[in-house]
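To start, the structure itself, in structure tokens.
The values are calculated or read from the model by the stated rules, or taken from the named source; none is laboratory data. What you are looking at is a predicted structure, and each value in this text was computed from that prediction instead of being measured. So basically every Cβ, Gly included, is an ideal-geometry build from the backbone, and we count neighbours across all protein chains shown. Quick note on the areas: whole protein, heavy atoms, side chains included, nothing else; ligands and nucleic acids left out. Shrake-Rupley method; radii C 1.70, N 1.55, O 1.52, S 1.80 Å.
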Amino acid sequence: MKKTKYDDGFHSYLVEGATVVGKPGIPMLMNLDNVQVPKDIIPFEKAKYSLNKRSYVHFYMHDKYFADVLTSTTKYLDLLKQFDGVITPDCSLAIGQSACLQQTNTYFNRAVGFYLQKNGIPVIPNIRWSDESSFEYCFLGVPKNSIVSISTQGCIRSNEQKFMFKKGISAMLKELQPTDVLVHGYMPDSVFEEFLKDAHFHRYKSWFERTHEKVV
């Protein structure tokens, strides 16, 4: 009888050798000593065609555009190694989404990051939260006193969203105490001003901004 290869659906090769933390068992990233504040960042879907490799690849886009990276990470190593580094996948965490799904998305964020680190790629952790209940696990697996990245794209449209986003920033700064925070997208004073004393913030225009800027 032919032996069936067991696939647990979580691609365990990603986290071989990783330490897991917290009740959900989130993989811990290795130290981030080899990362730097990026000269620029570029969307994953544009990376294949980019001639400028002096940037970090990011995944601030709909999950469907990078789903294959989560399940077939190995085949993207050669592409990602061409760049200065990678910001871990921005798997969705949304208010109203089940906790187990949010924890799974946090797991894949760190698992892919850990695997890329093992293969010599500098990695900056992307931090994503939904509401206050996600604070129990959304910061797990990230070393303290390092560089982290966040995105405001689609997250600060309403006053309610701004209120929750500010709560998330505050909780992140308290829990992780980052030295630097990369901000993908708009960075309004109404959201960020009170936090500027707690870390170095670096804004990067979204791809939408770059392609819709008015030429004067």
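Summary table below
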| item | result |
| --- | --- |
| Subset of the stretch 79-116 (residues that are within 25 Å of Tyr204 (Cα to Cα), over 14 Å from the mean Cα position of the chain (by Cα) and open to solvent by 10 Å² or more (accessible area, probe 1.4 Å)) | Leu79, Lys81, Gln82, Phe83, Asp84, Ala94 |
| Any hit, the stretch 106-118, residues being over 21 Å from Ser12 (Cα atoms), touching a residue at least 12 places away in the same chain (Cβ under 8 Å) and assigned to a helix (DSSP H, G or I) | no |
| Residue check for Lys166: among the charged types (D, E, K, R), in contact with a helix residue (DSSP H, G or I) (Cβ under 8 Å, 6 or more places away or on another chain) and closer than 20 Å to Tyr204 by Cα | yes |
| Subset of the stretch 200-210 (residues that are open to solvent by 90 Å² or more (accessible area, probe 1.4 Å) and either part of a strand (DSSP E or B) or touching a strand residue (DSSP E or B) at 6+ places or on another chain (Cβ under 7 Å) (or both)) | His200, Arg203, Trp207 |
| Residues (touching a Lys or Arg at 6+ places or on another chain (Cβ under 9 Å), at pLDDT 95 or above and farther than 20 Å from Pro125 by Cα) located in the stretch 183-216 | Pro188, Ser190, Val191, Glu194 |
| First in the stretch 134-146 and part of a helix (DSSP H, G or I), second anywhere and at pLDDT below 95 and aliphatic (A, V, I, L, M), Cβ under 9 Å, 6 or more apart | Ser134/Ile95 |
| Top-ranked residue of the stretch 6-43 - restricted to ones that are aromatic (Phe, Trp, Tyr) and over 17 Å from Gln117 (Cβ atoms), ranked as modelled with the highest pLDDT | Phe10 |
| Counted residues, the stretch 155-199 - those being open to solvent by 70 Å² or more (accessible area, probe 1.4 Å) and either of a type in the set (Ser, Thr, Tyr) or within 22 Å of Val86 (Cα to Cα) (or both) | 3 |
